[in-house]
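The structure under discussion appears below in the form of structure tokens.
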Amino acid sequence: MTEVTRERVQAAYAALGSGDRARILEYYSEDLRWLVPGSHPLAGWYESLDAFLELMGQTHKLTGGTFRMDIQAVLTGEDCSADVCRNVALRDGADRESRSPYERMDYPVFHFMRWRDGRIVEGRDGLFGDTATAFSQFWAPFAPDGTRRDR
């Protein structure tokens, strides 16, 4: 059994960021399940690695490639890990100076992950306080002026 360590969690994030499927498969199971909370078009369960990777592709498309997760803290257990990341992004097409929660993301997000045989088999995003509302606003299909955007 591969031990769940801080270094392994960090390597999983790096693999995901690489976009290299072979590298991603070193850390993420093909039958991965991932839960995104909220009341927005991206919320819900993603029931395979392919579905999760489509989600990640969508986040990068909607943010013009600005989406990033900066690891702040990691806790590990025998078959699990928990981390807090500072998620930062700007909606594609938004004014770089915008402070609207519909256009700018910059807050902590909690991730709880279950591991089996050295790979993540389940993940859940968690949000703190009013960032749950901001998260839903950011991924909402509306601009601050109420106009509909492309999903």
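May I ask you to list the residues in segment 1-18 that are of a type in the set (V, I, T) and either closer than 22 Å to F67 by Cα or in contact with a Lys or Arg (Cβ under 9 Å, 6 or more places away or on another chain) (or both)?
Residues satisfying the conditions are T2, V9.
Quick one: count up the residues across segment 118-146 that are surrounded by fewer than 17 Cβ atoms within 10 Å (Cβ to Cβ), among the charged types (D, E, K, R) and touching a residue at least 24 places away in the same chain (Cβ under 8 Å).
1
Considering only segment 1-56, state which residues are under 15 Å from H111 (Cα atoms) and open to solvent by less than 20 Å² (accessible area, probe 1.4 Å).
Residues satisfying the conditions are V4, V9, A12, Y28, L32, W34, V36, F52.
Between R86, R96, which is open to solvent by 30 Å² or more (accessible area, probe 1.4 Å), of a type outside the set (V, I, T), in contact with a Leu (Cβ under 8 Å, 6 or more places away or on another chain) and closer than 21 Å to Q137 by Cβ? Full working, then the answer.
Details: R86 fails: in contact with a Leu (Cβ under 8 Å, 6 or more places away or on another chain).
So the residue among R86, R96 that is open to solvent by 30 Å² or more (accessible area, probe 1.4 Å), of a type outside the set (V, I, T), in contact with a Leu (Cβ under 8 Å, 6 or more places away or on another chain) and closer than 21 Å to Q137 by Cβ is R96.
Which pairs do you get when a residue that is under 17 Å from Q72 (Cβ atoms) and among the basic types (K, R), found in segment 1-26, comes within reach of a residue that is open to solvent by less than 60 Å² (accessible area, probe 1.4 Å) and not in a loop (DSSP other than H, G, I, E, B), reach meaning Cβ atoms under 6 angstrom, with the pair 6+ apart or on two chains?
So the pair list comes out as R6/V74.
From R124, R96, R119, grab the single residue that is over 15 Å from the mean Cα position of the chain (by Cα) and within 18 Å of F52 (Cα to Cα). Full working, then the answer.
Working: R124 fails: over 15 Å from the mean Cα position of the chain (by Cα); R96 fails: within 18 Å of F52 (Cα to Cα).
Among R124, R96, R119, only R119 is over 15 Å from the mean Cα position of the chain (by Cα) and within 18 Å of F52 (Cα to Cα).
The values are calculated or read from the model by the stated rules, or taken from the named source; none is laboratory data. These figures come from a predicted structure and were not determined experimentally. Glycine gets a Cβ as well: all are built from the backbone with ideal geometry, and neighbour counts include every protein chain shown. What goes into the accessible areas is simple: the full protein's heavy atoms, side chains included, and nothing from ligands, DNA or RNA. Shrake-Rupley method; radii C 1.70, N 1.55, O 1.52, S 1.80 Å.
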